[in-house]
Amino acid sequence: MSNSGHPKDHGRRRGLMLVLSSPSGAGKTTLSKMLLDEFSDVKLSVSATTREPRPNEVNGKDYFFKTQDEFRAMIDRREFLEWAHVFDKYYGTPKADTEARLEDGQDVLFDVDWQGADALHDQMPNDVVSVFILPPSIAALEERLKNRPGSSPDMVARRMEDAKREIMHWRRYDYVIVNDSLDVAYQRLKRILLVERLKRLRQLDLEDLVRGLLGEA
Ligand code: ADP
Ligand code: 5GP
């Protein structure tokens, strides 16, 4: 739960929106949890969904689980940054406090499909850093879906069909990670985060620093 080992950047920074997508089962929930455990200044954007909770999922932590009527009411009240229909269920990203967190220098992690990634990028192009996670093979993807808690043969078959439709969109992303060895994939994800934090636009005190360096302060 600490950021030890990661040097503090110089001055204040604007947080970034780290958007992860993958075909279901490729490992983005696993990778997200690793990142959230290591970095206390990365916060998950908890989505709302109308799908059933899996056995190990907690309402308000993994998702806000909603009925269709509740979800539609949230759409009507314009409470979403984006929402989409995936696997016949609704999924949406609440607006809630993303902007406040970015201003406060916290990064916000999004686990959304390609439609969500596109919509978030359209709305906040300077803040979004998008990463697509690929499985090393179709066989590995199927195996991971079968082994995941709460899986059923029907669901695996359905998600294998949908996987190809999601994979087709891989070119829209800034970065791609093949999740073969989990450790290697995680190290890559971490490097993306640390490097993206150094983008000029995100380092808010540079203008003042440079004015001082040039004797213009
Ligand atoms: P997603 O969120 O993309 O649907 P999950 O993170 O739930 O995928 O991962 C699906 C399953 O695969 C989980 O049971 C997870 O423990 C396992 N898994 C994730 N990454 C790897 C990996 N690199 N090697 C083997 N199994 C993995
Ligand atoms: P799962 O049911 O496996 O948790 O997620 C199914 C798919 O819905 C995944 O591709 C996931 O990234 C996507 N998803 C989850 N939350 C959101 C969201 O808020 N918006 C969008 N567009 N997709 C989401």
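Give the residues of segment 36-65 whose amide nitrogen is closer than 16 Å to a point set 7 Å from the Cα of residue 88 in the direction of its Cβ. The answer is 50-53, whose backbone nitrogens lie closer than 16 Å to the label point.
Hand me the chymotrypsin sites (Phe, Trp or Tyr not before Pro) from segment 106-185 located in a DSSP loop with no more than 12 other Cβ atoms within 10 Å, in residue order please. Passing sites in segment 106-185 do not exist.
Within the set of other residues whose C-beta is less than 13 Å from the C-beta of residue 74, count the net charge using Lys and Arg as +1 and Asp and Glu as -1. Walk me through the numbers before you get to the answer.
On the way: positive: 66, 72, 77, 78, 95; negative: 69, 70, 76, 79, 82.
Overall, the nearby charge balance is 0.
A 1.4 Å probe run over the protein chains yields, for segment 12-162, 48 Å² of accessible area per residue, whole-number rounding. Taking only the Cα atoms of the chain, the radius of gyration and Dmax are 18.5, 68 Å.
Beyond 29 Å between alpha-carbons counts as too far, so tell me which of 66/199; 89/190; 33/146; 146/199; 28/89; 28/95 fall in that bin. In this structure, 66/199; 89/190; 146/199 exceed 29 Å between Cα atoms.
Across the chain, Cα pairs under 8 Å and at least six residues apart give a relative contact order of 32 percent.
What would the Debye equation give as log₁₀ I(q)/I(0) for segment 80-199 at q = 0.11, 0.17 Å⁻¹, counting only Cα atoms as equal point scatterers? With no solvent term, the Cα-only Debye profile gives -0.45, -1.05. When all protein chains stay in place and ligands, DNA and RNA are ignored, the 1.4 Å accessible-area order of 14, 78, largest first, is 78, 14. Between residue 63 and 58, the built amide H atoms are under 5 Å apart, and every one of these is 5 or more places off in sequence or on another chain.
The values are calculated or read from the model by the stated rules, or taken from the named source; none is laboratory data. On a predicted model such as this, the values are computed, not experimentally measured, just so you know. Here Cβ is always computed from backbone atoms with ideal geometry, including for glycine, and neighbour counts include all displayed protein chains. Note: areas computed on protein heavy atoms with side chains; ligands, DNA, RNA excluded. Shrake-Rupley method; radii C 1.70, N 1.55, O 1.52, S 1.80 Å.
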